[in-house]
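Just below is one structure, and these are the notes that go with it.
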Amino acid sequence: MIWIPRPSQLADEVYEVVLRVTVTATLGEETAFLCEVQQAGIFSVAGIEGTQLAHCLGAYCPNILFPYARECITSLVSRGTFPQLNLAPVNFDALFMNYLQQQAEGEGAAPHQDA
């Protein structure tokens, strides 16, 4: 599952965006492994407001963070002597649009995707 909590504003035009990626492998009803990574980034965003700022923090910034989280997950799984794991690319633009649609319908949860 991929989950993006709401960004935190640290200062004027400075935001922290956290991307949480959880991978669970099961064998029947037994959990073989559970790997969770939180990849954070500090972003300086100037000159945009409103919906453009929300899109930048909710889609563009997570898109920058994802390769680092994916590398960390892959490394942790292989170091645990499990078979190689490759996470598929994520369309954060579609995920963010889905989030906006859910918000419009009254379901205001943070963006997430089951991977």
Can you sort TYR15, TYR99 so the residue with the fewest Cβ neighbours within 10 Å comes first? TYR15, TYR99
What is the helix-to-structure angle for 92-104, meaning the angle in degrees between its Cα long axis and the longest Cα principal axis of the chain, kept from 0 to 90 and rounded to the nearest 10? 60 degrees
Degrees separating the helix 61-79 axis from the principal Cα axis of the chain, which is the longest one: 10 degrees
Could you give the length gained by full extension between ASP12 and TYR60, i.e. 0.36 nm per residue of separation minus their alpha carbon distance, to one decimal place? 15.4 nm
Ignoring everything except DSSP H segments at least 4 long, calculate the 222 nm mean residue ellipticity for the chain; use -39,500 (n - 2.57) per segment, divide by total residues, nearest 500. -10500 deg cm²/dmol
Choose one of VAL77, LEU27, MET1: the residue whose Cα lies farthest towards the positive end of the charge dipole of the chain (beta-carbon charges +1 Lys, Arg; -1 Asp, Glu; about the Cα centre). VAL77
What is the diffusion coefficient of the chain in µm²/s, taking the Kirkwood radius over Cα pairs and the Stokes-Einstein relation at 20 °C with a viscosity of 1.002 mPa s? 140 µm²/s
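Would you work out the charge dipole size for region 2-113 about its Cα centre, treating the Cβ of every Lys and Arg as +1 and the Cβ of every Asp and Glu as -1, and quote it to the nearest 20 debye?
300 debye
Here, each number is a calculation from the coordinates, and none is a lab measurement. Note that the structure is predicted; figures quoted are calculated from it, not measured. Ideal geometry is used to build each Cβ from the backbone, glycine not excepted, and the neighbour counts take in all protein chains shown.
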